[in-house]
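The values are calculated or read from the model by the stated rules, or taken from the named source; none is laboratory data. This one's a predicted model, so the numbers in the text were calculated from it and none came from an experiment. Methodologically, a virtual Cβ is constructed for each residue, glycine included, from the backbone with ideal geometry; neighbour enumeration extends over all protein chains shown.
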Amino acid sequence: MLGEYRITGRGASGIAADIERAVGGGALRPGDALPPLRELAAELGVNSNTVAAAYRLLRDRGVIETAGRRGSRVRARPATTPRDQIRIEVPAGVRDVSKGNPDVALLPPLGDALAAAAAEHALRPALYGGPPVDADLERMARAALDADGVPDGPVGLSSGSLDAMERVLTAYLRPGDAVAVEDPGWGSLLDLVPALGLRTVPVAVDDDGPVTADVARALRGGARALIVTARGQNPTGAAVSAARAAELRALLAGHREVLVIDDDHIHGAVDLPLHSLSGVTDHWALIRSVAKAYGPDLRLALYTGDPTTVDRVRGRHRLGAGWVSHLLQRTVVHLWQDGAVDSAAVAASYGRRRDGLVRALAERGVAAHGRSGMNVWVPVSDETGAVAGLLQHGWAVTPGARFRVRSVPAVRLTVSTMAPEDVEPLADAVAAVLRGPAAGQVRYG
């Protein structure tokens, strides 16, 4: 069952630590089955309850998964091996379209806004016991949410989208609960879910968002939460259409107990309307980051939701980090007040490059996807071969394995570092490597 490896330890924590070290070191590999409780207990000379406690610790840490009578096994991608390790070294002279960062030329300068925030701080420093959310920031954020038709709810702040997702998930779910996530989807989220001891239920995605039939299957299977990227989906560029949103909202109306999280991470850098799923179920949250439009290092995302959800997340945040820096909050306020980002112009800039690349690939017989955002997703038959081949042609791309659970192999190309004159050479290279139509369909899952 475990090959030559022998688990050691006497107490639950010792057994768990030994298994976790073995997984991290590669002695136990993803998918390896662990011994049944009684069998391992007999081998170690301990009570079976001790082994059960060890397995429970490992499950809670996202190292293993348990499936009732089918036993326990190392997760397909345990929390000890994050997806950001799936990367390639970029040799000198190779163009890098793999990173997923925004175009720095489209980010606003922060100097004036930071200086204004610092001057205000000198007059009225933020101290313990103050309100966690700046009043101006809350007012402006709520007005933008209202304009997009997001249901009314209080506003909270976190240190980025992933931080907010973690806090919302842990406010309701417990280790072992199932979470429906997009496949392909954001690699960091696919790491986070098992790291919290939760079970990932992959849901197929097409250009219009999560496929309704797959979401229905996940809900029938007991998924307690659903996370959907509203637009600019990473890595496929999918955006939830009005028709798809209507289908999903009708479906969720029959599952009011499900926690729904709308991820609007690309707000401010996209020109497609928001079609959210917020407010259909009893508990929901919509999360907006400033990273794509204003800069990743601002580390600020706002969220809204039903009062109970926001209250739980705020309360837990207060016991940990406490609040998001008011210097950062005031910086964002000044950026918004000054109109530092022309969202339509930013979206158009990404759109010209993204749409141009998708069109150029189609002209060469290569199927690709990129309805919104900064990325183009190209399904391939041989992911490793495609990545290696493009390196030989002078282009570094991201392996699709970083974003997949069960969906077909692919590569991701980020357009933010590309100039218009790069489109044709990159399309030529992709077509040459794939040697004909890519093995992808409109549905990615």
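Going through ALA223, ALA239 one at a time, which residue ends up being at pLDDT 95 or above, closer than 20 Å to GLY100 by Cβ and outside any helix (DSSP H, G or I)?
Residue meeting the stated conditions: ALA239.
Pick from the range 156-176 the residues that are assigned to a loop (DSSP other than H, G, I, E, B) and either touching a Ser or Thr at 6+ places or on another chain (Cβ under 8 Å) or of a type outside the set (S, T, N, Q) (or both): which of them is farthest from GLY322 (Cα to Cα)?
Kept after step one, since they are assigned to a loop (DSSP other than H, G, I, E, B), are these residues of the range 156-176: 159-160, 173-176.
Restricting the remaining residues to those that are either touching a Ser or Thr at 6+ places or on another chain (Cβ under 8 Å) or of a type outside the set (S, T, N, Q) (or both) gives 160, 173-176.
Details: GLY160: 15, LEU173: 22, ARG174: 23, PRO175: 25, GLY176: 28 Å.
Within the range 156-176, the match that is farthest from GLY322 (Cα to Cα) is GLY176.
Between a residue in the range 296-323 that is closer than 15 Å to GLU138 by Cα and of a type in the set (Ser, Thr, Tyr) and any residue that is in a helix (DSSP H, G or I) and modelled with pLDDT of 95 or more, which pairs come within a Cβ distance under 8 Å, given they are 6 or more apart or on different chains?
From the range 296-323, the pairs are TYR303/ALA164; TYR303/VAL168; TYR303/VAL310; TYR303/VAL313; THR304/ALA141; THR304/ARG142; THR304/LEU145; THR304/VAL310.
I'm checking my understanding of the structure. Among residues of the range 163-214 that are hydroxyl-bearing (Ser, Thr, Tyr) and more than 22 Å from VAL378 (Cα to Cα), which one is modelled with the highest pLDDT?
Within the range 163-214, the match that is modelled with the highest pLDDT is THR212.
So which pairs qualify, if the first residue must be in the range 229-255 and among the β-branched types (Val, Ile, Thr), the second must be at pLDDT below 95, the Cβ gap must be under 8 Å, and the two must be at least 6 apart or on different chains?
Every condition considered, the pairs that remain are THR236/TYR444.
For residues that are aromatic (Phe, Trp, Tyr) and within 19 Å of LEU259 (Cβ to Cβ), scanning just the range 281-309, find the one that is surrounded by the fewest Cβ atoms within 10 Å (Cβ to Cβ).
Filtering the range 281-309 for residues that are aromatic (Phe, Trp, Tyr) and within 19 Å of LEU259 (Cβ to Cβ), the one surrounded by the fewest Cβ atoms within 10 Å (Cβ to Cβ) comes out as TRP284.
For THR417, all conditions in the list (1) more than 16 Å from ARG95 (Cβ to Cβ); (2) not assigned by TED's automatic domain parsing to the domain that holds GLY232; (3) not hydrophobic (A, V, I, L, M, F, W, C) hold save one; what is the number of the exception?
(1)
Polar (S, T, N, Q), assigned by TED's automatic domain parsing to the domain that holds LEU157, under 26 Å from ILE261 (Cα atoms) and in a helix (DSSP H, G or I) - does that describe any residue in the range 310-328?
no
Would you check if VAL179 is touching a strand residue (DSSP E or B) at 6+ places or on another chain (Cβ under 7 Å), farther than 24 Å from VAL346 by Cα and in contact (Cβ under 8 Å) with a residue 12 or more places away in the chain?
Taking the combined requirement at face value, the residue satisfies it.
Tell me which residues, restricted to the range 313-331, are among the β-branched types (Val, Ile, Thr) and closer than 15 Å to PRO131 by Cβ.
Listed by number, the list holds a single entry, VAL324.
If a residue must be surrounded by fewer than 24 Cβ atoms within 10 Å (Cβ to Cβ) and either on the phi > 0 side of the Ramachandran plot or in a loop (DSSP other than H, G, I, E, B) (or both), how many such residues does the range 201-220 contain?
Count: 3.
So that you can scan it fast, the table gives a plain yes or no per residue for (1) farther than 18 Å from ASP146 by Cβ; (2) among the β-branched types (Val, Ile, Thr); (3) in contact with a strand residue (DSSP E or B) (Cβ under 9 Å, 6 or more places away or on another chain):
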| position | (1), (2), (3) |
| --- | --- |
| ARG244 | yes, no, yes |
| LEU251 | yes, no, no |
| ASP264 | no, no, yes |
| LEU300 | yes, no, yes |
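Out of ASP264, ASP297, which single residue is in the same structural domain as THR331 (by TED's automatic domain parsing), of a type in the set (D, E, K, R) and touching a Ser or Thr at 6+ places or on another chain (Cβ under 8 Å)? I'd like the intermediate steps shown before the answer.
On the way: ASP297 fails: touching a Ser or Thr at 6+ places or on another chain (Cβ under 8 Å).
Answer to the selection: ASP264.
Suppose the filter is buried (at least 23 other Cβ atoms within 10 Å of the Cβ), not assigned by TED's automatic domain parsing to the domain that holds TYR294 and not in a loop (DSSP other than H, G, I, E, B); does LEU357 pass it? Lay out the reasoning, then the answer.
Working: buried (at least 23 other Cβ atoms within 10 Å of the Cβ): yes; not assigned by TED's automatic domain parsing to the domain that holds TYR294: yes; not in a loop (DSSP other than H, G, I, E, B): yes.
Considered against the rule, which asks whether it is buried (at least 23 other Cβ atoms within 10 Å of the Cβ), not assigned by TED's automatic domain parsing to the domain that holds TYR294 and not in a loop (DSSP other than H, G, I, E, B), LEU357 comes out as yes.
Does LEU274 count as modelled with pLDDT under 95, under 30 Å from ALA293 (Cα atoms) and surrounded by fewer than 24 Cβ atoms within 10 Å (Cβ to Cβ)? Break it down stepwise before answering.
Values: modelled with pLDDT under 95: no; under 30 Å from ALA293 (Cα atoms): yes; surrounded by fewer than 24 Cβ atoms within 10 Å (Cβ to Cβ): yes.
Answer is no for this residue.
Does LEU162 satisfy the condition of being free of Cβ contacts under 8 Å to residues at least 60 places away in the same chain, surrounded by 12 or more Cβ atoms within 10 Å (Cβ to Cβ) and closer than 23 Å to PRO296 by Cβ? Full working, then the answer.
On the way: free of Cβ contacts under 8 Å to residues at least 60 places away in the same chain: yes; surrounded by 12 or more Cβ atoms within 10 Å (Cβ to Cβ): yes; closer than 23 Å to PRO296 by Cβ: yes.
Yes, satisfied.
Consider the range 360-409. How many of its residues are among the small types (Gly, Ala, Ser), surrounded by fewer than 21 Cβ atoms within 10 Å (Cβ to Cβ) and not in a helix (DSSP H, G or I)?
So the answer is 5.
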